[in-house]
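Undergrad: Okay, handing you the structure first.
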Amino acid sequence: MDKQQLWISAGIILNAQQDKVFITQRAAKAHQGGFWEFAGGKVEQNETAEQAVIRELHEEVGIDVTELVHFLSLAHDYPDKSLKFDFFLVTDFIGDAYGKEGQPGKWVDISALNPNDFPEANAVVLDKLQLRVMS
């Protein structure tokens with residue numbers, strides 16, 4: 001049986017001071033359910049990762065991205081899925097981020113992000129993000 005392969009684009013939404021990030025909680029029934037995550041989703045056919053994250057952030061958290069920069073690409077294998085990720089730092093946007101699809105969402109100090117609260121694929125992203133704040 002072949003593993004499902006997905007390409008995911010996610011936005012690390014930063015506040016104006018760039019010391020807090022907006023995260024959302026995955027639905028309990030979803031893959032890696034209950035964990036917190038950076039909002040985003042699947043890159044569709046004929047779409048770039050950048051286009052996907054802009055679309056997904058509008059759909060999921062109600063913001064219109066006006067400024068973003070590529071932060072990190074990585075691949076992660078779960079027993080049932082093989083994922084390729086592109087993470088973007090979202091440094092400017094229009095609107096107030098909220099759980100537009102009913103999911104919990106909150107602003108958290110970057111220094112307070114706990115890898116145990118996120119899917120394991122996010123560990124390297126959290127490390128790099130926290131190092132960025134400290135430098």
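Undergrad: I'd like to check something: does the stretch 119-131 contain any residue that is surrounded by fewer than 18 Cβ atoms within 10 Å (Cβ to Cβ), in contact with a strand residue (DSSP E or B) (Cβ under 9 Å, 6 or more places away or on another chain) and without any contact (Cβ under 8 Å) to a residue 24 or more places away in the chain?
TA: Taking every residue of the stretch 119-131 in turn, none turns out to be surrounded by fewer than 18 Cβ atoms within 10 Å (Cβ to Cβ), in contact with a strand residue (DSSP E or B) (Cβ under 9 Å, 6 or more places away or on another chain) and without any contact (Cβ under 8 Å) to a residue 24 or more places away in the chain.
Undergrad: Another question about this same structure. Identify, please: which residue in the stretch 45-55 is open to solvent by less than 20 Å² (accessible area, probe 1.4 Å) and within 21 Å of residue 27 (Cα to Cα) and is, among those, nearest to the chain's Cα centre (by Cα)?
TA: Result: 53.
Undergrad: Hey, another quick one. If residue 116 passes every condition in (1) of a type outside the set (Ser, Thr, Tyr); (2) under 14 Å from the mean Cα position of the chain (by Cα); (3) open to solvent by 40 Å² or more (accessible area, probe 1.4 Å); (4) farther than 19 Å from residue 56 by Cα but one, which one does it miss?
TA: Failing condition for residue 116: (2).
Undergrad: Sticking with this one: Please state which of the following conditions residue 66 fails to meet, knowing it meets all the rest: (1) open to solvent by 80 Å² or more (accessible area, probe 1.4 Å); (2) among the polar types (S, T, N, Q); (3) at pLDDT 95 or above.
TA: Looking at each condition in turn, residue 66 falls short on (1).
Undergrad: Oh, and also: Can you go through 19, 77, 92, 86 and tell me which one is over 23 Å from residue 131 (Cβ atoms) and either of a type outside the set (Lys, Arg) or over 14 Å from the mean Cα position of the chain (by Cα) (or both)?
TA: 77
Undergrad: May I pose another question? Looking only at the stretch 70-77, decide whether some residue is open to solvent by 30 Å² or more (accessible area, probe 1.4 Å), in contact with a Pro (Cβ under 6 Å, 6 or more places away or on another chain) and not small (Gly, Ala, Ser).
TA: Within the stretch 70-77, none of the residues are open to solvent by 30 Å² or more (accessible area, probe 1.4 Å), in contact with a Pro (Cβ under 6 Å, 6 or more places away or on another chain) and not small (Gly, Ala, Ser).
Undergrad: Which residues, taken from the stretch 19-39, are of a type in the set (A, V, I, L, M) and crowded, with 17+ Cβ neighbours inside 10 Å?
TA: 21, 23, 39
This table checks each residue for (1) closer than 15 Å to residue 126 by Cβ; (2) small (Gly, Ala, Ser); (3) out of contact with any Cys (no Cβ under 9 Å at 6 or more places or on another chain).
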position: 6; (1), (2), (3): no, no, yes
position: 14; (1), (2), (3): yes, no, yes
position: 31; (1), (2), (3): no, no, yes
position: 41; (1), (2), (3): no, yes, yes
position: 47; (1), (2), (3): no, no, yes
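Undergrad: Tell me the strands (runs of 3 or more DSSP E) entirely within the stretch 53-135 that contain at least 3 residues that are under 30 Å from residue 2 (Cβ atoms).
TA: 64-77, 81-94
Undergrad: Taking the conditions exactly as written (open to solvent by less than 20 Å² (accessible area, probe 1.4 Å) and either of a type in the set (A, V, I, L, M, F, W, C) or farther than 22 Å from residue 33 by Cβ (or both)), does residue 93 satisfy them or not?
TA: No; evaluated as a whole, the condition is false for this residue.
Undergrad: Additional query: Are any of the residues in the stretch 15-25 more than 16 Å from residue 101 (Cα to Cα) and free of Cβ contacts under 8 Å to residues at least 12 places away in the same chain?
TA: yes
The values are calculated or read from the model by the stated rules, or taken from the named source; none is laboratory data. In this text, all values refer to a predicted model and were calculated from it rather than measured experimentally. Cβ: placed from backbone, ideal geometry, glycine included. Neighbour counts: every protein chain shown. These accessible areas exclude ligands, DNA and RNA; they are computed on the full protein's heavy atoms, side chains included. Shrake-Rupley method; radii C 1.70, N 1.55, O 1.52, S 1.80 Å.
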